[in-house]
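The values are calculated or read from the model by the stated rules, or taken from the named source; none is laboratory data. Just so we're clear, the structure is a prediction, and the values are computed from it rather than from any experiment. Counting neighbours? That spans all protein chains shown, and the Cβs are built from the backbone with ideal geometry, glycine included. Heavy atoms of the whole protein, side chains included, go into the accessibility calculation; ligands, DNA and RNA do not. Shrake-Rupley method; radii C 1.70, N 1.55, O 1.52, S 1.80 Å.
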Amino acid sequence: MAENSGFRTLMAGEAIATNRLVKIKSGTTTVPPEVVYADSDEAFIGSTEFAAASGDPVTVRLSNAPGTRELVAGEAAAVGASLYTANDGKVADTNPGGTGTARAIALEASTADGDFIECLVL
């Protein structure tokens, strides 16, 4: 059945913190599929709403859901900065290798790794 709420409950393929970008785990065979952190310059399917231990259900706000969302910064970034996926499901304004794809826009400034900032997902 198709999902229309913008949220989906999936399985955590590793311990996952809140407000982190996730992707479907390569080779997953579980139903629902396992998700793991999206790392540097990887595409993602959404962001976690809550933390989850490996093997537990985790609520994911899908990337095509409307509205802005709070994400975790991997470094300092200015308001309006183009953001790219960084390691451990974070976002950063550093373009990996200069060839990355911008995945969000910062609507708030971050001052350090671990800050929660409002973002507009592209």
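Residues in the chain average 49 Å² of solvent-accessible surface per residue, probe 1.4 Å, ligands and nucleic acids excluded.
Going through segment 1-77, which GluC sites (Glu not before Pro) have at most 10 other Cβ atoms within 10 Å and a DSSP loop state?
On the way: sites: 3, 14, 34, 42, 49, 70, 75; in loops: 3, 14, 42, 49, 75.
Sparse-neighbourhood loop GluC sites (Glu not before Pro): 3.
For the chain, modelled as a GNM whose springs connect Cα atoms under 10 angstrom apart, the maximal fluctuation among 28, 85, 111 occurs at 28. Surface composition of the chain: carbon plus sulfur atoms contribute 52% of the solvent-accessible area (1.4 Å probe, protein chains only, all chains present).
Here is the P(r) of the chain: all C-alpha pair distances, binned every 10 Å from 0, give 15, 47, 30, 7, 0 in whole percents.
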